Each structure stands twice: as C-alpha cells, then as structure tokens.
Amino acid sequence: MKRKGTHKPTIEDAIEISGIEILHPGGYELTRRTAELCELRAGLNVLDVSSGRGTQAIFYALTFGVNVTGLDISEEMIKTATKRAGENGISDKVKFVLGDSQKLPFADNTIDVVINECAVGIHDDKGY
C-alpha cells in the first residue's frame, strides 16, 4: 500500500497517545542483545536509524556509554526524543536529527555502528 501526503492521525500520533514505552517485539531484552552483538562500548559513535521517540538510543547511551545520533523522518519524533534525552540527563551523549534513512546526512567515517532496530511507517508514494 502506498500513501500520498500525511494523514491524521499518523502512526507517530498513535504511538505517542498510547503511552507505549517500547514498540518492537522483544522489548529491552532484544535491544540489549542487539547492543551486545554490536559490541557497543564507551566512545563508539552509534547511528540509530528510524529512532522514533529515542527509546533505544537513550538505552544504548545509558547502558553502554556510547554516543548516539538518532535519525528520524518525523519532526514530532525528533522533538519528543530530544525532550526525553534531556529528561534523562544525557543530551551530551544523545542527539536527534531530522533525516531520511535513504539519504543519510553524515560524512564518511563518522559512525562506528549503525542500528535500525525497529522502523514503523509507510513511505510516501515517490516511486520506491
């Protein structure tokens, strides 16, 4: 199914309204296992693609001491994630940027690990 434009409520609206902390199957156990398989450790720069509300990015930073850049296509998710990072006192370790996962806005050799743990959404009809 393809969509054109933005329809309300969006999936982002539904997630925010629901109060669901972590959306993907497996919960924090899967997030921890993903981090372990990626050998996350302090000092690494991690890109969390489709970061949504920042749940996994914040977890990685708090639990493994990594620096995380969360990338999401939704301005609302970026705002929410940035606020949550501040509430957790880790704005210095986690930042969120607006961008498209198919056109990453990062220079070469600036990211050590890329994780796309859970992406939810339907892209616009742009001929993909």
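Every number here is computed from the coordinates shown, using simple stated rules; none is lab data. Since the structure is predicted, the reported quantities are computational estimates derived from the model, not experimental observations. Cβ: placed from backbone, ideal geometry, glycine included. Neighbour counts: every protein chain shown.
What ranking do 108-115, 81-88, 70-77, 45-52 get when scored by the average of other Cβ atoms within 10 Å per residue, highest first?
Details: 108-115: 13.0, 81-88: 16.5, 70-77: 20.6, 45-52: 22.8.
Packing order, densest peptide first, comes out as 45-52, 70-77, 81-88, 108-115.
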Q: Using the number of other C-beta atoms within 10 angstrom as an exposure proxy, rank 41, 53 with the fewest first.
A: 41, 53
Q. Local charge sum around residue 34 (other residues, Cβ-Cβ under 13 Å, Lys/Arg +1, Asp/Glu -1)?
A. -3
Q.
Spelling out what I want: for every residue of the range 63-69, take phi, set θ = phi - 60°, compute 6.51 cos²θ - 1.76 cosθ + 1.60 (Karplus), and round to whole Hz; glycine and proline get x.
A. 8, 10, x, 7, 8, 10, 10
Q: Calculate one ³J(HN,Hα) per residue across the range 97-104 by plugging θ = phi - 60° into the Karplus curve 6.51 cos²θ - 1.76 cosθ + 1.60, and present them in order as whole Hz with x for glycine and proline.
A: 10, 7, x, 9, 5, 8, 9, 5
Q | Vicinal HN-Hα couplings computed from phi for the range 35-49 (Karplus, 6.51 cos²θ - 1.76 cosθ + 1.60; Hz; Gly/Pro x) | A | 4, 5, 5, 7, 6, 5, 7, 3, x, 6, 9, 10, 9, 9, 7
Q | Amide H contacts of residue 116 (H built 1.01 Å from N, under 5 Å, at least 5 apart or other chain) | A | 49
